[in-house]
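**Q** Before I ask anything, here is the structure I am working with.
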Amino acid sequence: MNPCRNVVLVWLLCFVLPVSASKADEYLIVTGTGYPPYVDITLEKGGMVTEIVEQIFANAANAASYELVLAPWTRGYQLSKEGKFIGTFPYIWSQERAQDFLFSDPILDGHQKFFARRDSSIVFDGPESLTGSRVCSPRGYEKSLFRAWEAEGYIVVDEPGSLQDCFKMIALGRTHLVPLIEEVGMFVLNNTRGVNSDDFTVLEPPIRDLPHYFIVSKRLPDAEQHLETFNKGLRELRKSGKLDEIMQRHIGRGPS
């Protein structure tokens, strides 16, 4: 049995293989874990977006050629950029990423908001309103917007190892805010030991809308082909109602 076949059972087993994503008989797709409810090894089907992506490629004409493996986010991203994998997910668009990757049609949209302690006096109304605040965003997360705010002197960015660390730091008063898609933030908050979700609040308005994408390295000679396979499968999943069913099961709502 191929050890990379079952995403729920695999962790750090496959990403070091010296593979070539352009091999006609095997295309490897990579993702990480710890981004619930979208991607997490402990969840049903590996999380909502994992199930969506697996369903898309399972329905492809050459479905037997696609394998999904797991790797640490930074490692999987780098190997995808080098063309060792045909793609990775779920990623938001950034100018830096767009230099190296092609982006699919949006898999789903999400509203990024700040989570704060309930007793916080912060009222979000643009970066100026955050002057003197600390914003927590784990290593490997896209944070160009917050780095820009930091460079302008409005905030300081803290960069721990995980989202759980961010919520624990907020509870202890070591940082003030964590920017997250609301569904992601609520899921992590409700599953972080030693933290009471009642002690937190979600600030309005949203910081920004953040579509999530499947991305394919521009280094791959057949990058456009893989992207079209994905986009076609995503359209068919939407049309069939299967996408809505998957989202309802994982987060209780359909596509935005």
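Values in this text are rule-based calculations from the coordinates and carry no lab data. All figures in this text were calculated on a predicted structure; none of them were measured in a lab. In this analysis, Cβ positions are derived from the backbone assuming ideal geometry, glycine residues included, and neighbour counts consider all displayed protein chains.
**Q** Quote to one decimal, in nm, the extra length available between Arg147 and Asn191 on full extension: 0.36 nm per residue of separation minus the C-alpha distance between them.
**A** Taking Arg147 through Asn191 to full extension adds about 13.1 nm, to one decimal.
**Q** Just tell me which lysines come within less than 17 Å, Cα to Cα, of Lys81; anything on the same chain fewer than 8 places away is out.
**A** Lys23, Lys218
**Q** Enter the angle in degrees (range 0 to 90, nearest 10) between the Cα long axis of helix 48-58 and the first principal axis of the Cα atoms of the chain, meaning the one along which they spread out most.
**A** So the helix axis and the longest Cα principal axis differ by about 10 degrees.
**Q** Taking the number of other C-beta atoms within 10 Å as the exposure measure, put Lys232, Lys168, Lys84 in order starting with the fewest.
**A** Ordered from fewest to most neighbouring Cβ atoms within 10 Å, Lys232, Lys168, Lys84 come out as Lys232, Lys168, Lys84.
**Q** In addition: What number, rounded to the nearest 500 deg cm²/dmol, is the helix-based mean residue ellipticity at 222 nm of the chain, given -39500 (n - 2.57) per DSSP H run of at least four residues and division by all its residues?
**A** Using -39500 (n - 2.57) per qualifying helix, the result is -9000 deg cm²/dmol.
**Q** Further question on the same structure: Quick check: residue separation of Gln78 and Leu172 times 0.36 nm, minus the Cα distance between them. What number comes out in nm? Don't jump to the answer; show the numbers that get you there.
**A** Numbers: separation 94, 0.36 × 94 = 33.84 nm, distance 3.37 nm.
Going from the current span to full extension adds 30.5 nm.
**Q** Taking amide hydrogens as modeled 1.01 Å from N in the peptide plane, which residues meet the under 5 Å criterion relative to Tyr213, leaving out close sequence neighbours?
**A** Those qualifying (amide H under 5 Å, at least 5 residues apart or on another chain) are Tyr91, Ile92, Ile107.
**Q** Right, next: How big is the antiparallel share of DSSP beta bridges in the chain, given as a percent to the nearest 5?
**A** 60
**Q** Which of the lysines could be linked to Lys239 by a straight reach, that is with a Cα gap under 24 Å, when you skip same-chain ones fewer than 8 residues away?
**A** Lys45
**Q** Something else: Rounded to two decimals, what is the ratio between the C-alpha radius of gyration of the range 111-209 and 2.2 N^0.38 Å? Before the final figure, lay out the partial values.
**A** Details: Rg = 12.1 Å, N = 99, 2.2 N^0.38 = 12.6 Å.
That works out to 0.96 for the range 111-209.
**Q** Okay, which of the range 231-246 sit inside 16 Å, backbone N to the point 7 Å along the Cα-Cβ direction of Asn62?
**A** Label zone hits: 231-233.
**Q** Provide the percentage of antiparallel DSSP beta bridges, counting only those with both residues in the range 111-209; round to the nearest 5.
**A** Once the DSSP bridges in the range 111-209 are tallied, antiparallel ones form about 65 percent.
**Q** Starting from the Kirkwood Rh over alpha-carbon pairs, what translational D in µm² s⁻¹ does the chain have by Stokes-Einstein at 20 °C and 1.002 mPa s?
**A** Translational D for this selection: 112 µm²/s.
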